[in-house]
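The values are calculated or read from the model by the stated rules, or taken from the named source; none is laboratory data. Everything numeric in this text was worked out from a predicted model, so none of it was measured. Cβ sites come from the backbone with ideal geometry, for glycine too, and all protein chains shown count toward neighbours.
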Amino acid sequence: MDQKQAVGDSFEKEHSRSLSNQEIGKDRGEFKGDKEELQKLRQRNEFLEDLVKKLRQEISGLKRKSDHSPSQRAEAKWHKTGPKTGLEVPSGQASTAASPTQQSPTARTQPFADLVYQWNVVRGQIDTGMRMTRRAFRFMERLSNLHKKFAGDLEKAAREEKHKASAIKPGDRMMSCRGAFYMVLNQCSQMATVHLQFADNINNTVIMPWTKFYEIGSSISESTSVAEKTHSKSLSTMFQNLRRSEKETQHLIDDLLKQAAKMNRPETLFHKRPKKENIERLQKKTIECMGKHKSVCESVSKQQKAYLETQMPNVLTQMQSIEEMRVTSFRKQILTYGKIIENFSDGYIKAAKDIESLGKVIHKDEDIVNFVSNCARNKELQLPDVQNKLTKTPEELAGDVATLSGKDVFNSSLNEIMESQKKMHPELKVPRIIIALTDAVERLGGYKVEGIFRVPASVKDLEQLKELMRKGDYKVNEGTSPHVPACLLKDFLRKLRDSLIPDAHYEKCVDLSKAGNTIEAKAFEGILSSLPSVNRAVIQHLVSMSTQIAEPENLKINKMTISNLAMVFSPSLLRNPSTDPLQMIQNIKHEVRFVDLLFHHLAGKPLATAPAAGTANIPADGSTVPKRHSAVML
């Protein structure tokens with residue numbers, strides 16, 4: 001409405017300024033029209049003044065109406081919708097409705113009816129209350145089932161114990177103890193009955209009433225939710241119609257003012273004044289539309305009043321009835337449950353008194369006297385000769401332990417493996433399992449199989465061979481795929497507790513790889529000399545095998561160069577001690593590069609990108625290539 005007022009004021013000022021300019025021009029002789037033209041201009045100006053006056057009156061009337069109409073409040077309320085309804089709670093009205101000090105006597109009897117703007121809160125309370133009721137009777141069902149199960153288990157245990165006690169031969173001759181024990185078993189049967197009665201009482205007097213209320217309350221709650229959605233949707237639709245009517249009416253008002261402003265401009269070749277009849281027709285249409293918009297405002301105001309004062313209070317009153325029933329039901333069922341507990345405890349108290357009386361019957365002196373006087377003397381006890389029936393000597397046991405130590409060969413350390421095989425295989429410098437697996441790869445023709453150490457093996461065959469070697473059986477049968485021992489060797493190396501090159505040397509190795517494409521031979525020798533002897537031997541053993549696999553006659557079939565094999569074994573030689581994923585990914589290429597250079601150095605075959613063999617102090621003809629099992633004698 002402020003925008004409409006501003007448009008009217010602007011138009012009136014412009015019109016007055018135009019008239020003043022025309023009068024001034026007339027006094028100065030600037031106005032050249034004749035008397036008839038002047039008369040027409042005055043008539044047009046009078047018409048425009050009347051039009052502006054009427055428009056301002058209509059705008060003022062609409063503004064006064066909007067100030068007293070609840071449409072603005074409704075619009076604000078419907079601007080944002082809550083998660084479950086079409087209403088938003090205005091802060092001022094919400095605090096007023098929620099204040100207990102401002103409740104009228106009617107509000108104290110029907111408190112939910114005043115919570116129209118707290119619909120979401122009331123809806124949430126109803127839903128939470130129904131869920132709480134459901135949880136309550138579900139727990140009672142569970143409690144009842146537990147007591148039933150306990151009663152069944154107790155009855156079964158007492159029955160089985162009676163049977164077992166009567167089967168003991170010879171029977172217990174302390175008669176008071178035996179009699180008291182049988183009475184305890186009988187009491188267990190009685191306590192089982194108490195638990196069954198407890199479960200039945202809960203079902204009949206607590207669970208069933210609660211379940212019935214839940215069904216009724218859920219039905220009423222659903223109906224209130226449907227009613228609220230229906231009322232809210234109807235009011236929302238009317239607000240949409242109100243906004244549409246307001247937009248159309250405002251458009252006509254703006255158009256009329258624009259056309260009226262054109263009447264005051266001089267007519268030129270490019271500007272034709274609107275006809276007076278068109279202006280009057282447009283004014284009539286605008287006033288009619290304003291009247292219709294006024295009717296729409298009144299209709300929306302009436303509907304909103306019904307929504308706030310009748311429809312929603314009725315829905316909230318029904319929701320209050322749900323809560324009243326729930327609270328009443330909760331109180332009744334809790335009191336009933338307490339009475340059931342009281343009766344239940346009475347049964348246990350009675351059983352406790354009976355058991356106490358049974359304990360007082362037991363008398364040690366009387367039982368001992370009766371036993372001694374009635375016990376028949378048996379012949380003297382004959383003790384058997386003491387014999388050593390162990391099936392193994394300590395020496396045999398030590399040999400078996402050494403043989404079966406393969407069960408821990410995986411996920412162990414090189415030192416532990418070497419210590420376990422020292423007595424049976426003192427000549428070996430590397431773990432026996434490594435020799436067995438590398439021999440099997442060669443014996444089964446793995447050197448002439450494409451992708452050896454790269455192609456995966458059958459999971460089933462791999463697990464079977466792994467289980468055999470855990471038990472100390474290092475034989476690999478003929479007909480086994482060479483990929484099986486090859487993959488098991490990789491698995492063994494990767495599961496060692498420590499990498500072949502310890503973590504203390506990791507940063508140095510990576511830094512050497514980052515420094516360039518070449519590494520001095522003395523740098524390699526410095527690292528290798530600092531390793532434990534078994535670690536050096538295992539690395540040399542792997543290099544020796546890799547050299548033979550990469551021989552020209554084998555390489556043209558298996559396609560596995562020393563660089564490819566170095567990439568396969570690099571995770572076993574170097575393990576990044578860092579837990580930073582980014583650093584681990586960035587260092588992979590440096591780890592592989594270092595192992596590749598190390599393998600070529602030990603094999604006496606420097607990389608093509610590396611310096612001449614003299615840099616590594618190794619003959620270029622490869623004459624120092626060690627045999628595959630030379631690592632055993634290191």
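Structure data summary
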{"read-out": "Selection status of V327, crowded, with 19+ Cβ neighbours inside 10 Å and either in contact with a strand residue (DSSP E or B) (Cβ under 9 Å, 6 or more places away or on another chain) or of a type in the set (V, I, T) (or both)", "value": "no"}
{"read-out": "Of the criteria (1) over 17 Å from A351 (Cβ atoms); (2) modelled with pLDDT of 85 or more; (3) surrounded by fewer than 15 Cβ atoms within 10 Å (Cβ to Cβ), which one V206 fails", "value": "(3)"}
{"read-out": "Which numbered condition A260 misses (of (1) crowded, with 18+ Cβ neighbours inside 10 Å; (2) more than 30 Å from K292 (Cα to Cα))", "value": "(2)"}
{"read-out": "Qualifying residue in the stretch 207-214 (condition: β-branched (V, I, T) and free of Cβ contacts under 8 Å to residues at least 12 places away in the same chain)", "value": "no"}
{"read-out": "I562 vs. criteria touching a Lys or Arg at 6+ places or on another chain (Cβ under 7 Å) and modelled with pLDDT under 95", "value": "yes"}
{"read-out": "Which listed residue is at pLDDT 85 or above and surrounded by 11 or more Cβ atoms within 10 Å (Cβ to Cβ), from I322, I355, I362, I368", "value": "I322"}
{"read-out": "Among the residues listed as T237, T249, the single one being in contact with a helix residue (DSSP H, G or I) (Cβ under 9 Å, 6 or more places away or on another chain) and β-branched (V, I, T)", "value": "T249"}
{"read-out": "Pairs, first outside the structural domain of E246 (by TED's automatic domain parsing) and under 27 Å from R244 (Cβ atoms) in the stretch 269-290, second modelled with pLDDT of 90 or more and loosely packed, with under 10 Cβ neighbours inside 10 Å, C-beta under 8 Å, six or more apart", "value": "none"}
{"read-out": "Every pair of residues 6+ apart whose Cβ atoms lie under 9 Å, when the first sits in the stretch 248-268 and is assigned by TED's automatic domain parsing to the domain that holds K284 and of a type in the set (A, V, I, L, M, F, W, C) while the second is surrounded by 12 or more Cβ atoms within 10 Å (Cβ to Cβ) and assigned to a loop (DSSP other than H, G, I, E, B)", "value": "A260/P274; M263/R273; M263/P274"}
{"read-out": "Selected residue (criterion: farthest from the chain's Cα centre (by Cα)) from residues of the stretch 443-479 that are within 21 Å of V543 (Cβ to Cβ) and part of a helix (DSSP H, G or I)", "value": "R443"}
{"read-out": "Among (1) buried (at least 20 other Cβ atoms within 10 Å of the Cβ); (2) on the phi > 0 side of the Ramachandran plot, the one test that I539 misses", "value": "(2)"}
{"read-out": "Pick from the stretch 540-557, criterion closer than 14 Å to V449 by Cα and small (G, A, S), ranking: farthest from the chain's Cα centre (by Cα)", "value": "A550"}
{"read-out": "Enumerated helices (runs of 4 or more DSSP H) restricted to the stretch 480-595, each holding at least 1 residues that are touching a helix residue (DSSP H, G or I) at 6+ places or on another chain (Cβ under 9 Å), touching a residue at least 24 places away in the same chain (Cβ under 8 Å) and of a type in the set (S, T, N, Q)", "value": "506-515, 533-549, 552-558, 562-573"}
{"read-out": "Check on S245, surrounded by 19 or more Cβ atoms within 10 Å (Cβ to Cβ), touching a Leu at 6+ places or on another chain (Cβ under 7 Å) and in the same structural domain as R135 (by TED's automatic domain parsing)", "value": "no"}
{"read-out": "Tally of residues being part of a helix (DSSP H, G or I) and touching a Ser or Thr at 6+ places or on another chain (Cβ under 8 Å) across the stretch 428-442", "value": "1"}
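Residue-by-condition table, conditions (1) at pLDDT 90 or above; (2) surrounded by 15 or more Cβ atoms within 10 Å (Cβ to Cβ); (3) outside the structural domain of I527 (by TED's automatic domain parsing):
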residue: H425; (1), (2), (3): no, no, no
residue: I435; (1), (2), (3): yes, yes, no
residue: L444; (1), (2), (3): yes, yes, no
residue: K460; (1), (2), (3): yes, no, no
residue: R497; (1), (2), (3): no, no, no
